[in-house]
Amino acid sequence: MPSTETPDLFLAFLDSHLLTFPHHFCLWGVTCNEGRVIGLDLAHEFISGGIDNSSSLFSLQHLESLSLADNYFNPSYEISSKFDKLVNLSYLNLAFAGFTEQISIAISHLTRLVTLDLSIDYYNYKLKLENPNLTVLVQNLSELMELHLDGFIISRPFKQPDSWRDINKHRGTIPQCLFEMTGTLRVLDLRRNKLNATIPDAFPNNCGLKTLALNQNQLQGGLPKSLANCIRLDILDIGNKYIKGTFPLFLKNTIMLSVLVLRSNKFYESITHPELNVTWPMLQILDIASNNFTDKLPITLFLSSMAMMDREHEAHSELTYLQVYTMDGFYYQDTVTITSKGLEMELVKILTIFTTIDLSCNNFDGHIPDEIGQLTLLYVLNLWHNPSIFGKIESS
């Protein structure tokens, strides 16, 4: 790890050379086009100190992509009000960078943004999204396709509260503006946001979401039926909440669904229905552990998944990851948290060949179907703590 002096020297070097550095520096975290800096990737560089309004960073008028993620900016520094000088930015990643205080209104002026990541550590409550609130921050970002707010406590406009309970009540809702944006948004990441209300039944007919991550909140009620409008969904992660209801068979038309996480909620009754033929051929991760599902194992659901079945070309295919591409050429690699042998693991990159089914801690019953042996590409199968299941798995 660099010395404590290195990060500040690094930032000083950057400020003094950023506009005039030799061409070969375009190979070091910098992307150039015709002598202009259009991309700057300073993620994971152990940068400390801060970026004040006089930084030469804000003179890079042609900058399209900027990542300052995973650094150690001084907690006394807020996000600069000069970010609105970077009018050509389409990608901005400030995740886990160490900034504090209020998110600058300047970011709302970056109308070309396609990707915005403001994620913070769950215990970092010093970075605020209150004035501007989320609605104001995104109201002009009409081209936004990816929004990551992992760890934020989201606020919305409200009258002067009578108590902290009123503040918490407002902070626990999902702002309506986010549903209005799902026609263009492809990734909506609201994990660990302390959301504690119901999910509004407000997904529009033109919902274009490919990833919806609401894991580790305290959301209640049922899944809204309008979620069925999001027929392009690849990943639906709503684990670790208080969501209740039956298995979401109304998502039968989301044929691209690859990851479904309903873990640790209050779902109940049978997964299957004789009149509904749900097939998700791309399904590779199914985690419905720690609910109250009953009846037979949903073998027909598994057998519809080509991702878990042997294919002749599989042995020769290249390793690829689940990811979402944007029109500007940037892409987001999906992440998901799985549990194996009691340990939670975050898959920062999801291999398209990784497959797992977790049905543990439910009330399934009956004989283990022989057809499970046909899932020859299945890596993990967890049936633990379903006391009425019996039989063994025969591999074919």
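All of the numbers you see were taken from the coordinates with simple rules; none came from a lab. Treat the numbers as computed from the prediction; the structure is a model and nothing was measured. All Cβ positions, even for glycine, are placed from backbone atoms using ideal geometry, and neighbour counts span all protein chains on display.
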With label points built 7 Å along Cα→Cβ from the Cα atoms of K296 and K252, find their separation and express it in nm. 1.7
Net charge over other residues, Cβ less than 15 angstrom from the Cβ of K392 (K, R count +1; D, E count -1): -3
How long is the gain from R36 to I231 if the chain were fully straight, where each residue apart is worth 0.36 nm and the alpha carbon distance is subtracted? 66.2 nm
If each of H62 and Y268 carries a label point 7 Å out from its Cα toward its Cβ, how far apart are those two points in nm? 6.3
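At R0 = 25 Å, how high is the FRET efficiency between Q139 and K194 if r is their beta carbon distance? Nearest 0.05 is fine.
0.65
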For D370 and V87 in one chain, what is 0.36 nm times their gap in residues minus the Cα-Cα distance, to one decimal in nm? 95.9 nm
So for the pair D201, D121, with labels modelled 7 Å out along Cα→Cβ, what separation do we get in nm? 4.2
